[in-house]
Amino acid sequence: MKQILVATDFSNSAANAMEYAMALAKVLNMEVCALHAIHPTEGINNNTYNAIFIDDYYNTKREALKAWAANYTAKDEYKDIEVTTICGVGFLKNVITRYIDEHHVELLVMGITGSTGITGIVGSNASMMVSIVKTPTLIIPLESKFSPSPVITLATDYETRLSAQDVNALNEMVEAFGSEKMNVLYVAEKADTKQVETGESKLRNLIKGTELEFNYINESRPLNGILDFVEKNETDMLCLVKHHHNIVYRLFNRSTVNQVMNKSVKAILVLHE
């Protein structure tokens, strides 16, 4: 069965991300796996290595993770969702990528501190993971709450192609939520009529379960335009296609973040080429 993978460090932001993931799993009919990475040197006292102590420490961590996840499975609304837990020893990026390589992970969910979504990404574990994995990654700011009928906005320059996995994830969400429409926000420094028409046609062929409403940014600061749009249209989920050379990629650049740090995004779905 398809899984939603939730990375946790037992923080408040991780707890909020887990709550969001459980609600999403109920809608998408998926399993949830809560993953915690134990740093390679964690539990080692100075230079003394005691194999028995370390094993006990790891077991304590595993039990703590099970108890943490039980806080969600105990809720009546989530009783039918299958939840597993795993503690992996290693750096977070290695533990996550190894798990994704070995399991059918449809979506990676990570929490970030703070209510301002874009600002919280920079320098975070979430920022690191979206640069490494190709799995669609949903980033949940601390104060964000799940919406059963979310307003979804896809920001695109039409040049960056969505992967088959990302297209499938988008279609599954649109269908499960019963979304009547999805906003498509064309982002480019220079508009090209032919490119726009071709891009719209391709998206209509890829995303068929809902009406696509096309919008365009026509200003000198397109990145500010994205966040202005999602704020005015009360977007619950902003979808970004991450590519090293496209304009959307600059949302992950600190200098750009400083310009828009007062803008808030409820949830960010990072897609890949």
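Every number in this text was worked out from the coordinates using simple rules, so none of it is lab data. Remember, it's a predicted structure, so these values are computed and weren't measured experimentally. Using ideal geometry, Cβ is built from the backbone for each residue, glycine included, and neighbour counts are taken over all protein chains shown.
Quick query: amide H of K2 versus all other amide H atoms, modeled in the peptide plane; which residues come in under 5 Å with a sequence gap of 5 or more or a different chain?
E31
How large is ³J(HN,Hα) for each residue in the stretch 226-233, as worked out from phi by the Karplus curve 6.51 cos²θ - 1.76 cosθ + 1.60 (θ = phi - 60°), to whole Hz, x for Gly and Pro?
4, 6, 4, 5, 5, 6, 5, 9
Considering amide H positions built from the backbone, and no H for Pro or chain starts, which residues 5 or more places from C239, or on another chain, come under 5 Å of its amide H?
The list, which skips near neighbours in sequence, is T153, L154, A155, L269.
Could you run the Karplus curve 6.51 cos²θ - 1.76 cosθ + 1.60 with θ = phi - 60° over the stretch 177-183 and give me ³J(HN,Hα) per residue in whole Hz, x for Gly and Pro?
Using θ = phi - 60°, the values come out as 6, x, 5, 6, 8, 10, 6 Hz.
List the lysines whose Cα sits under 17 Å from the Cα of K26, skipping any in the same chain fewer than 8 residues away.
Qualifying lysines at Cα under 17 Å: K2, K75, K79, K145.
Could I have the simple spin-label model distance between D55 and M128, label points 7 Å from Cα toward Cβ, reported in nm to one decimal?
Each label point lies 7 Å from its Cα, and together they span 2.9 nm.
Where the centroid of each part is defined by its Cα atoms, how far is the stretch 1-34 from the stretch 58-119 in Å?
6 Å
Pull up the cross-link candidates among the lysines for K181, meaning alpha carbon to alpha carbon under 16 Å and not fewer than 8 places away within one chain.
In chain and number order, the partners are K208.
Name the residues whose placed amide hydrogens come within less than 5 Å of the amide hydrogen of I112, ignoring near sequence neighbours (fewer than 5 apart) on the same chain.
Excluding prolines and chain starts, which carry no amide H, the hits are I140, L142.
Could you derive backbone 3J(HN,Hα) for the stretch 15-20 from the dihedral phi with the Karplus parameters 6.51, -1.76 and 1.60 (θ = phi - 60°), listing whole Hz in sequence and x where the residue is Gly or Pro?
After applying 6.51 cos²θ - 1.76 cosθ + 1.60, I find 5, 5, 5, 5, 4, 5 Hz.
Using the per-residue mean of other Cβ atoms lying within 10 Å as a proxy for protection, in what order, highest first, do the peptides 138-145, 82-89, 18-25 fall?
Result, highest mean first: 18-25, 138-145, 82-89.
What lysines does K194 reach when the alpha-carbon gap must be under 20 Å and sequence neighbours fewer than 8 apart in one chain are set aside?
K202
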